[in-house]
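The values are calculated or read from the model by the stated rules, or taken from the named source; none is laboratory data. Computed from a predicted structure; not experimentally measured. Don't worry about glycine lacking a Cβ; one is built from the backbone with ideal geometry, like all the others, and counts go over all protein chains shown.
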Amino acid sequence: MKVFHSISDYKNNQPSVVTIGTFDGVHLGHKAIISQLLSASEKESLTSIILTFFPHPRMVLQEENSIKLINTIAEREELLQQTELENLIIHPFTKEFSRRTALEFVRDILVNQLHIKKIIIGYDHRFGRNRDANIEDLIEFGKTYGFEVEEIKVQQFGGVPISSTKIRTLISEGNIKTTNTYLGQPFTLSGKIVSGRGIGKTLTFPTANLQLDVDYIIIPKKGVYLIQSKIAGKEVFGLTNIGTNPTVEGKHQTIETYFLDYNENLYNKTIQLKFITRIRDEKVFNNLEELKAAIKEDEVFARNYIQDL
């Protein structure tokens, strides 16, 4: 897959089939769209292109909006690399770009730059300045400029429509199992291990404090989770607590992981946590002994759960 970080960097004159979207999460619905794209590419001898944008348009156009995303842009690219897609264009989304009219977008970008012969697009897709054009307008443009419009049906799993918005809600509710089902892969958080307060060591449960790579990623609901991580080539399981550590009067939210059967120094190492399931809510305990007992119970639950994976 070739990756371009601007529409202007794409120089291929070959006729193409294109789909457009943010593809946050690269979930099962997205994978169905990509399959549709690749099928059209093969049948009609067209080069396949996904056109996506970063930052997310809502981050740019709605300054008060605090949308949090499922993936970093690097993770999104990595997930799309796993498909047979030929071209990925990640175009910088700006206010200036958003002011293009629908005609300018279709004529100058889709037709003259990307040379489309087919576009695969959602029934509710809107584009152009103020998002004033829809799929019916796109069909009319297709008649003028000689490309076909193929509508994407609503993607469902078990009769439930799948969307990035729905998955973000599930993550914020701590529903990791359904999240992973809809994603088709584990939800992840990535970052660097930094120094914490050192309280875990006093409890004989040393923890690694994760500092996220970016600030726009959605964080699951406070609580304890079973996670899996690859460290120095070894798959390691762990218990991740997301919260403020109220028992020891913590004030700021942290993401701390007690790795099972692994206690090497991880400071300044970059790791990825793959979330498997939620174990319990974060609780306030009367003393450290009660907290230690709860962590031991979490560990027993985790080890039993791992055996059934």
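Checking residue 119 against (1) assigned to a loop (DSSP other than H, G, I, E, B); (2) touching a residue at least 60 places away in the same chain (Cβ under 8 Å); (3) farther than 17 Å from residue 217 by Cβ, which test does it fail?
Condition (1) is where residue 119 drops out.
Could you list all residues from the range 257-309 that are of a type in the set (A, V, I, L, M) and surrounded by 14 or more Cβ atoms within 10 Å (Cβ to Cβ)?
Taking the range 257-309 first, the residues of a type in the set (A, V, I, L, M) are 260, 266, 271, 273, 276, 279, 284, 288, 291, 293-295, 300, 302, 306, 309.
Within the range 257-309, 260, 266, 271, 273, 276, 279, 291, 294, 295, 302 meet the criteria.
For residues that are within 22 Å of residue 37 (Cβ to Cβ) and charged (D, E, K, R), scanning just the range 109-134, find the one that is modelled with the lowest pLDDT.
Going through the qualifying residues, I end up with 124.
Here are the criteria: (1) in contact with a Lys or Arg (Cβ under 9 Å, 6 or more places away or on another chain); (2) at pLDDT below 95; (3) closer than 30 Å to residue 146 by Cβ. Tell me which single one residue 61 does not satisfy.
Among (1) in contact with a Lys or Arg (Cβ under 9 Å, 6 or more places away or on another chain); (2) at pLDDT below 95; (3) closer than 30 Å to residue 146 by Cβ, residue 61 violates only (3).
Among the numbered conditions (1) on the phi > 0 side of the Ramachandran plot; (2) of a type in the set (Gly, Ala, Ser); (3) in a helix (DSSP H, G or I), tell me where residue 35 comes up short.
Looking at each condition in turn, residue 35 falls short on (1).
Please tell me if residue 176 is outside the structural domain of residue 264 (by TED's automatic domain parsing), modelled with pLDDT of 95 or more and buried (at least 19 other Cβ atoms within 10 Å of the Cβ).
Yes.
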